[in-house]
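Worksheet: one structure, shown below.
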Amino acid sequence: TAGDQQSDFDATIAADGRIEPRDWMPDRYRATLIRQIAQHAHSEIIGMQPEGNWLTRAPSLERKSILLAKVQDEAGHGLYLYAAAETLGMSRDEMLDLLHSGGQKYSSIFNYPTLTWADNGAIGWLVDGAAIVNQVPLCRASYGPYARAMIRICKEESFHQRQGFSILLALARGTDEQKAMAQDAVNRWWWPSLMMFGPPDGESPNSADSMAWGIKRFSNDELRQRFVDMTVPQAEILGITLPDPELRWDEESGHYAFGALDWSEFKRVLRGDGPNNAERVRRRKAAHDDGAWVREAATAYAAKQAARMEQ
Ligand code: FAQ
């Protein structure tokens, strides 16, 4: 009965077990997972654009091959995540249509431009750094396919974070111009990277359910604080200043205190009004349209193989 199904589900969640695709689950649990996993997948593939912009201009062959591998990893993450979301019953075509029409979101962070080479360092260090802090707890999310995808993604993200740090470290040890370039990139990416964790806890409508269902394990503000605590000592090693005059160690709480985020900017970017929203979506649609022949060829090939198997 429906009551038995609900109590099985509740017992699995209470025991910190995993819900698998064929298990019964409440409609709202399914819907929130589709929302979050699709948004996450979209972020990975839209997130290829800012750094993809620098592939042809990387300063050395080594940096170029590292960046190429990193951007390809993001495509791979998108694929694992779309596959995980598909197990919940929404097709990839449908998710991509929703991305293109604005019916599903992608992370605010990818609506900012990459103006200099140092931006690739700031993205790796701060954006991938924030992604790791947010995603390590998701390796224990209650939905099996999502949690398993996250394990591999997190391993790759640590390489991404290290390569970003390495770019900034090289610049920070370089000429005055290179140091200034690194500082400028960090100045521009710091606050947007803090916004990746989502709105403050008091204004996070999805958190209560997601915490009760074991999808989220920590709140938006808790993870934001964890990221700040982790990043400040790394900035000291780089000799780079984080652009927050209120940033200071707070003995009492055992954490770094930091200044207020400009949530009106976050809302503006979510509404589609960030510096690069229009360009990101336009390029995504163009790439999708240009790839139509590949999808057609792959579908025709699969049909031919299937017909052969039947003979
Ligand atoms: N951007 O109620 P909450 C990466 C939306 S890392 C845009 O707190 P929730 C790696 C939220 O969806 C980036 N929208 O929501 C990489 C909701 O709207 P909705 C991707 C945001 O879900 C690095 C509304 O605000 N990572 O790609 C943002 O409980 C370098 C209210 O918020 C993930 O997606 C935002 N920053 O918590 C790739 C991680 N924040 O959906 C390439 C998985 C909030 O009701 C290069 N996701 N919103 O219309 C999560 O952990 C959660 O979804 C949160 C938001 C924590 C992001």
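So here's what we get for this one:
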item: For the range 61-99 and the range 152-188, distance of Cα centres in Å; result: 23
item: Stokes-Einstein D (µm²/s) once Rh is taken as the Kirkwood radius of the range 124-176 over alpha-carbon pairs, at 20 °C in 1.002 mPa s; result: 180
item: The range 221-235 - phi-based ³J(HN,Hα) in whole Hz, Karplus 6.51/-1.76/1.60, Gly and Pro as x; result: 5, 4, 6, 4, 4, 4, 5, 4, 4, 6, 7, 4, x, 5, 4
item: ARG217 paired with LEU55, simple spin-label distance in nm, labels 7 Å along Cα-to-beta-carbon; result: 3.4
item: Structure-based [θ]222 nm, the chain - -39500 (n - 2.57) summed over DSSP H runs of at least 4, per residue, nearest 500; result: -20500 deg cm²/dmol
item: Residue-normalised accessible area of the range 22-115, given per residue in Å² at a 1.4 Å probe; result: 45
item: Per DSSP, loop trypsin sites (Lys or Arg not before Pro) in the range 122-191 with at most 13 further Cβ within 10 Å; result: ARG173
item: Filtered GluC sites (Glu not before Pro), the range 64-130: DSSP coil and at most 11 other beta carbons within 10 Å; result: none
item: Cut-off under 5 Å, modelled amide H: who pairs with TYR143 long-range; result: ILE19
item: Lys, Arg +1 and Asp, Glu -1 on Cβ, resulting dipole of the chain about Cα centre, debye, nearest 20; result: 940
item: Rounded percent of accessible protein surface that carbon and sulfur make up, the chain, 1.4 Å probe; result: 55
item: Label point distance in nm, ALA257-ALA14, each placed 7 Å from Cα along Cα→Cβ; result: 4.2
item: Cα-based Lys proximity count in the chain, under 30 Å, for pairs eight or more positions apart or on separate chains; result: 20
item: Using θ = phi - 60° and Karplus 6.51 cos²θ - 1.76 cosθ + 1.60, couplings along the range 90-106 (whole Hz; Gly, Pro as x); result: 10, 6, 5, 4, 5, 5, 5, 4, 5, 4, 5, 8, x, x, 10, 8, 9
item: Rounded FRET efficiency, nearest 0.05, which uses the C-beta distance separating LEU270 from ASP201 and R0 of 25 Å; result: 0.90
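The values are calculated or read from the model by the stated rules, or taken from the named source; none is laboratory data. What you are looking at is a predicted structure, and each value in this text was computed from that prediction instead of being measured. Glycine gets a Cβ as well: all are built from the backbone with ideal geometry, and neighbour counts include every protein chain shown. Note: areas computed on protein heavy atoms with side chains; ligands, DNA, RNA excluded. Shrake-Rupley method; radii C 1.70, N 1.55, O 1.52, S 1.80 Å.
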